[in-house]
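Before any comments, here is the structure.
The values are calculated or read from the model by the stated rules, or taken from the named source; none is laboratory data. Treat the numbers as computed from the prediction; the structure is a model and nothing was measured. Every residue, glycine among them, receives a Cβ derived from its backbone with ideal geometry; neighbour counts consider all protein chains shown. Side chains included, ligands, DNA and RNA excluded: accessible areas come from the protein's heavy atoms. Shrake-Rupley method; radii C 1.70, N 1.55, O 1.52, S 1.80 Å.
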Amino acid sequence: SQGAALAAMVCALRARGDPRFPVGFAVLVAGFASRAPAHGHFYRHPIALPTLHVVGDTDAVIAAPLSMELARCFVEPVVLAHPGGHFIPAAAAQKKAYLEFLERFRPGQEK
């Protein structure tokens, strides 16, 4: 979850054209927007980078509304909600969603 929070800030930098972060998409599991005042600028403008947000409906560490709040900071986020908690779900339905999202970025595919 902390990694997802940091990755979201990296996405914001990349969306602004920062060349230090050559990422084309991100998968954010149990992400959240930093509440640190110094980080507020990362969320002021919609982040135009493709993202998959994995949200646990019963996550007791990062509550689902916090992850959804972060997802709303992105342009056209893909949200994968699962009935579990603070973990990366790996059931067949979730694997299918991961593959569908990642397929978009395979060389030769349209984004």
Item to check | Three-way shape label, the stretch 69-111, alpha-carbon gyration tensor, a/c 1.5 | outcome: oblate
Checklist entry - Put Phe105, Phe25 in order of accessible area, largest first, 1.4 Å probe: what do you get? => result Phe25, Phe105
Item to check | Stretchable slack from Ala91 to Arg44, in nm (0.36 nm times residue separation minus alpha-carbon distance) | outcome: 13.4 nm
Checklist outcome for this item: For His39, the accessible surface traced by a 1.4 Å probe with all protein chains present amounts, in square angstrom to the nearest 10, to 60
Checklist outcome for this item: Rounded to one decimal in Å, the inverse mean reciprocal Cα-Cα distance for the stretch 2-105, i.e. its Kirkwood radius, is 13.8
Next on the checklist: Helix-only mean residue ellipticity at 222 nm, the chain, DSSP H runs n ≥ 4 weighted -39,500 (n - 2.57), per residue, nearest 500. What is it?
Outcome noted: -9500 deg cm²/dmol
Checklist outcome for this item: Under 5 Å from the placed amide H of Val79, counting only residues 5+ away or on other chains, we find His53
Next on the checklist: Can you compute the FRET efficiency between Ser34 and Val75 using 1/(1 + (r/R0)^6), with r the Cβ-Cβ distance and R0 = 25 Å? Round to the nearest 0.05.
Outcome noted: 0.85
Item to check | Contact order relative to length of the stretch 2-105, as percent, for alpha carbon pairs under 8 angstrom and 6 or more apart | outcome: 25
